[in-house]
Amino acid sequence: MGIGLKSILRRWGERRRLREIYPLMIIHLYSLSTASPSSRDIMKMAGKSSLALSDASKIFSKISTLVEKWHYTLHKAVRYVASQISEKRVKKFLQRLSDSVNVNMDLRDFMKVEYEKMMADKAAEFDRAIERVKRLIEAYSAIMTSSIFLSVSMLLTSMIYGIDVNRILILTTVAVTASLAFIAFFTSRSLPRDPILHDDPRRPEKLASIERMNLIILIMSLSSIPPLILSPIKLSFFLDPVSAPMILAGAPLLMIGWVGRRWVKSAREMDENYAPFVKSLGDALEVSGSLKSACKVVSINDYGPLNKLLKRLGKRLELGFEQGKAVEMLGVESLSNLILSTCRIEADSLRYGSRQAITSKAIHDYILSHLANRKKRRQVAGAIRGLALPLQAIFSALSALISVLTRILSEFAKLIHTWFPVITPISYDTITIYFAGLMLAMAVASSYMIYSIEGDSKFTFTYQLGILLTISGVIHHLALLASMKLLNLASGFMSGMEEIVEGI
């Protein structure tokens, strides 16, 4: 059973990677198709492009092996490999490739059509995905609102009608958490990932350390909330039993998330300046035929933060670095996943002699399309952020008010319980655990939805969770201070009721 599960997870991972690499695979093959008129040579080149194509390079390596060692015809080799692939888009592409080879269609013309089709389909699919996410956000807003109403009403109902309080509160917490997890899961499946930072081992050690710290702090912060709430040693000297754990857990997340997002912002700025840079570099390469000369030509223009990387690229070429390696290092130093992936395509196109004007134009259009989609993602993420923050703050304030009111009601119920046993007293610790659990569930779900929509970096999840937890703690404490005035007013009423009850 363990072996079967491992196989299923491995296949699922391969399908996911092929689905993510598909647009870059089409661009890469389109670039290689301008380097040689031989389809066999192009399959061989693609099979050696493991850095640019990742798992997809194995597909073309198998095709090349079947042709050269087992004497398959090219179209039969492509058809056979396609039959072994489960990812639908890659499978259908290989089937079309096999048909085009079978009728002796020029591969460059075929790949041009495939590239244009991929770009059109990519834009249409993303727009449909954005519409699905917008509908999910509407559902999220309704679920959050109903969860706030449900959590309060079930607490008061179980208290007033004398129902099994603990059971009702547990079922309410499970129902709310399950609903939020359900909507968060579907949101995460609606949009593909868009990692801003690459994970190449050559990235700065400082960034790698921050990424490791991010995971450690996230785990420690989330795991510290239940013990702090359940601990018999209350933090009343600091804040109330709900606000203190939320702020103590949220502040470190907010800090590490803010530091990480500075790296993300730097890479995003690189992306925004890269499209005109790669277009100018390709045109200069087409004219000069030398990357060193092309760097000197394009260096007269201003590309923002890319200027420093362009100078380093020129120095490496002067020191005798191989062109492909020099271009790839530019992508590594940019910290951008988008730039690194396209720089690897550019590096292979230089090694194999592809037409640079065509390659750079294809990359330029792809980057502009990707940046346009990224802008749409941020707009939608801003919409859900605008819902999450107020709803989290409202629930935090409401939980503080209800906590005080139920505390007053419980004290009143204890006085009249012997002769009017209708209202069931609830301990303050039970109310604290109940509202703190719901508050944490809402914050995690909202943060994960924002992270899923932006899809840029795990720092986004950490940062948003830090904001929501910190806001929850601060708002809860402020609302509790204001609500305590009700408790002070009620204390005089309670003393009077004690005298009445004793007289009865």
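Quick check for you: which residues of the range 342-358 have the amide N under 15 Å from the point 7 Å beyond the Cα of LYS48 toward its beta carbon? Counting backbone N atoms under 15 Å from the label point, the list is 347-354.
Legend: helices of the chain (whole DSSP H runs) are marked when their alpha-carbon atoms reach 30 angstrom or more along the helix axis and their mean Kyte-Doolittle hydropathy is at least -1.0; marked are 2-32, 107-160, 165-190, 205-230, 243-288, 356-416, 428-454, 458-503.
Given the choices [x] 43.7; [y] 29.5; [z] 38.8, mean projected area of the Cα convex hull in nm² derived from the coordinates of this structure is entry [y]. Between the residues VAL264, THR73, HIS364, the greatest Cα displacement towards the positive end of the dipole of the chain, with unit charges on the Cβ of Lys, Arg, Asp and Glu, is found for THR73. Under 5 Å between amide hydrogens, built in the peptide plane, is the criterion, and for SER336 it picks out HIS198 among residues at least 5 positions away or on other chains. Among residues other than TYR72 with Cβ under 13 Å from its Cβ, the summed charge is +4 (Lys and Arg +1, Asp and Glu -1).
Where only protein heavy atoms count, and the probe is 1.4 Å, what is the accessible area per residue for the chain in Å²? Result: 48 Å² of accessible area for each residue.
I'd like the chymotrypsin sites (Phe, Trp or Tyr not before Pro) in the range 116-184 restricted to DSSP loop residues with at most 15 other Cβ atoms within 10 Å, sorted by number. Could you put the intermediate results ahead of the total?
Working: sites: PHE126, TYR140, PHE149, TYR161, PHE182; in loops: TYR161.
Qualifying residues, ordered by number: TYR161.
Got a number for carbon plus sulfur as a percent of the chain's accessible area, 1.4 Å probe?
Values: 15170 of 24370 Å².
Carbon plus sulfur share of accessible area: 62 percent.
Based on DSSP H segments of at least four residues, each scored -39500 (n - 2.57), the chain has a per-residue ellipticity at 222 nm of -29500 deg cm²/dmol. Approximating the spin labels as points 7 Å out from Cα along Cα→Cβ, the GLU14-to-VAL297 distance works out to 4.3 nm.
Quick one: of LYS265/LYS296; LYS76/LYS112; LYS122/LYS361, which pairs are farther than 25 Å apart, Cα to Cα?
Details: LYS265/LYS296 28 Å; LYS76/LYS112 22 Å; LYS122/LYS361 17 Å.
In this structure, LYS265/LYS296 lie more than 25 Å apart at Cα.
A full extension of the chain between ARG312 and SER427 corresponds to an added length of 34.8 nm, given 0.36 nm per residue minus the alpha carbon distance.
The values are calculated or read from the model by the stated rules, or taken from the named source; none is laboratory data. Everything quoted here is computed from the prediction, not taken from an experiment. As a convention, Cβ positions derive from the backbone with ideal geometry for all residues, glycine included, and neighbour counts pool all protein chains shown. Keep in mind that these areas ignore ligands, DNA and RNA; they rest on the heavy atoms of the full protein, side chains included. Shrake-Rupley method; radii C 1.70, N 1.55, O 1.52, S 1.80 Å.
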